[in-house]
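*Asks:* I'd like to ask some things about the structure below.
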Amino acid sequence: MKAAAAKQAVTVAGLRARKGDVPIVCLTAYTSLTAKLLDEHVDLLLVGDSVGMVLYGLGTTIGVTLEMMIAHGSAVTRGAERALVIVDMPFGSYQESPQAAFRSCSRVMMETGCAGIKLEGGADMAETIRFLTRRGIPVMGHVGLMPQSVHIAGGYRCHGKDAEEAGRILADAKAVAEAGAFAIVIEGTVEPLARKITKAVPVPTIGIGASPACDGQILVTEDIIGLFSEFTPRFVKRYAELGRQISAAARAYAGDVRAGRFPGPEHCFGVKKKKEKGKG
Ligand code: KIV
């Protein structure tokens, strides 16, 4: 199998077949502009419900609505040409019953044009995942740290340190894979457990704070480019400091406007540019 840079569109089946191959590259995207910039570099773009914290300033992902996910999902599918676009299902839109989940997920797929959805949950969600996948909805699972359950889990902590919890998360991942998920995100989990899950399930595992033992990696784009600096988790590597650059650009613009340096004649309509000395 060829490495990630191949130009053809990434499909759910193609991504599933990448188990144990060259690591799968995933990033989040919430806008068309970001999707366009990332598209050629990644295999998968996730329209994560982290959008609530990153773009809307929410304290957790729990306040994110189906309408928000549909708006951002549509924007991302308009910007992406080859990466697989997967949209996160927000809290409250899928947990009630497999039927309610089908209604929410089919809306997301029909209204955004995405290739599949992601939902959080382990063994408890297996019946729903089976129901969805048998009805044509590709599902990406999400186990370990599950931000929508942060209040039950006792905060954003690393999971799988004790044997009982590790056993539960392994069973969760197996149940999700067995129910038909085409890939599984493992979040905030100790390396030995991520390694064990990756060996145990037949589908690719995508880690976020879950070590290189996974079949692929995902991070929040705004974290790696230094835009979301409220809090930087240990597992994030910064590749740019755009937050600082934006601040410097705004400072320079404000200075220019206040000093009358902007706009100059070259930025105006109907104003002749001053002739350069010695010319004409
Ligand atoms: O919402 C999100 O961004 C996620 C991650 C896995 C990055 O679920």
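The values are calculated or read from the model by the stated rules, or taken from the named source; none is laboratory data. Bear in mind the structure is a predicted one, so any value in this text is a computation, not a measurement. Reconstructed Cβ throughout: ideal geometry from the backbone, glycine too, with neighbour counts over all protein chains shown. Note: accessible area is taken over every heavy atom of the protein model, side chains too, but ligands, DNA and RNA are not part of it. Shrake-Rupley method; radii C 1.70, N 1.55, O 1.52, S 1.80 Å.
*Asks:* If you go through segment 89-107 one residue at a time, do you hit one that is assigned to a strand (DSSP E or B) and either touching a strand residue (DSSP E or B) at 6+ places or on another chain (Cβ under 7 Å) or away from the ligand (no atom under 16 Å from the Cβ) (or both)?
*Replies:* No.
*Asks:* For M68, are the conditions met, namely being more than 16 Å from V108 (Cβ to Cβ), assigned to a helix (DSSP H, G or I) and either more than 13 Å from the ligand (Cβ to nearest atom) or in the same structural domain as P202 (by TED's automatic domain parsing) (or both)?
*Replies:* Criteria not met by M68.
*Asks:* For residues that are of a type in the set (D, E, K, R) and touching a residue at least 40 places away in the same chain (Cβ under 8 Å), tally how many sit in segment 193-229.
*Replies:* Count: 2.
*Asks:* Then there's this: Test each condition in (1) open to solvent by less than 10 Å² (accessible area, probe 1.4 Å); (2) more than 24 Å from E127 (Cβ to Cβ); (3) part of a helix (DSSP H, G or I) for A210 and report the one that comes out false.
*Replies:* (3) is the only condition that A210 fails.
*Asks:* Related question: Being touching a strand residue (DSSP E or B) at 6+ places or on another chain (Cβ under 6 Å), open to solvent by 20 Å² or more (accessible area, probe 1.4 Å) and modelled with pLDDT of 95 or more is the requirement here; does A83 meet it?
*Replies:* no
*Asks:* While we're looking at this one, here's another question. Of everything in segment 175-195 that's more than 16 Å from C158 (Cα to Cα) and part of a helix (DSSP H, G or I), which residue is nearest to the ligand (Cβ to nearest atom)?
*Replies:* V176
*Asks:* Which of the residues that make up segment 158-174 are open to solvent by 20 Å² or more (accessible area, probe 1.4 Å) and either within 16 Å of the ligand (Cβ to nearest atom) or under 11 Å from G122 (Cβ atoms) (or both)?
*Replies:* Scanning segment 158-174 gives C158, R168, L170, A171, D172, K174.
*Asks:* In segment 197-207, what count of residues is obtained for those that are more than 11 Å from the ligand (Cβ to nearest atom) and in a strand (DSSP E or B)?
*Replies:* Result for segment 197-207: 1.
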